[in-house]
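The values are calculated or read from the model by the stated rules, or taken from the named source; none is laboratory data. Values in this document were obtained by computation on a predicted structure and should not be read as measured data. When we count neighbours, we look across all protein chains shown, and the Cβ atoms used for this are built from the backbone with ideal geometry, even at glycine. Surface areas here come from the heavy atoms of the whole protein model, side chains and all, with no ligands, DNA or RNA. Shrake-Rupley method; radii C 1.70, N 1.55, O 1.52, S 1.80 Å.
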Amino acid sequence: ALSDRAKIANEAQASYFVSVHYNSAPSKDAHGIEVFYYRSESDLKRTNASKAFAEEVLGQVINMSKAKSRGVKSGNFAVIRETNMPAILVEGGFLT
């Protein structure tokens with residue numbers, strides 16, 4: 001389960017958490033890479049660290065792959081919401 005992944009990372013006291021996924025879309029024209037972080041109102045330090053981590057990872061991936069950047073966005077996904085450390089979810093492109 002997704003919440004189990006966050007629990008494993010928390011129990012391991014990981015420094016960072018990265019979850020890698022691939023998008024799908026009805027349109028075959030959809031393309032690009034985007035990175036999500038969780039915006040917590042109660043833990044601004046983790047929020048800021050997660051956002052900075054997302055920006056760095058996206059920049060490096062775009063630089064190396066030359067893919068279209070879909071940007072850094074906040075999201076409410078269990079794997080990044082339920083972790084205690086800076087966490088990101090990378091959507092590495094579209095399989096559609």
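Below are the figures for this structure:
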quantity: Unique residue being among the acidic types (D, E) and closer than 17 Å to N10 by Cβ when the list is E34, E82; calculated: E82
quantity: Residue list for the stretch 10-23, filter: open to solvent by less than 60 Å² (accessible area, probe 1.4 Å) and touching an Asp or Glu at 6+ places or on another chain (Cβ under 9 Å); calculated: N10, H21, N23
quantity: Members of the stretch 48-96 that are in contact with a strand residue (DSSP E or B) (Cβ under 7 Å, 6 or more places away or on another chain) and free of Cβ contacts under 8 Å to residues at least 24 places away in the same chain; calculated: K51, E55
quantity: Selection within the stretch 52-96 - among the polar types (S, T, N, Q) and open to solvent by less than 40 Å² (accessible area, probe 1.4 Å); calculated: T83
quantity: Filter result (closer than 13 Å to I80 by Cβ and out of contact with any Ser or Thr (no Cβ under 6 Å at 6 or more places or on another chain)) within the stretch 11-23; calculated: A14, Y16, V18, S19, V20, H21
quantity: Residue pairs meeting the criteria (Cβ under 8 Å; at least 6 apart or on separate chains; first farther than 15 Å from N76 by Cβ, in the stretch 16-41; second open to solvent by less than 20 Å² (accessible area, probe 1.4 Å) and part of a loop (DSSP other than H, G, I, E, B)); calculated: Y16/M85; F17/T83; F17/M85
quantity: Top-ranked residue in the stretch 24-51 [being open to solvent by 20 Å² or more (accessible area, probe 1.4 Å) and touching a helix residue (DSSP H, G or I) at 6+ places or on another chain (Cβ under 7 Å); ranked as nearest to I80 (Cα to Cα)]; calculated: Y38
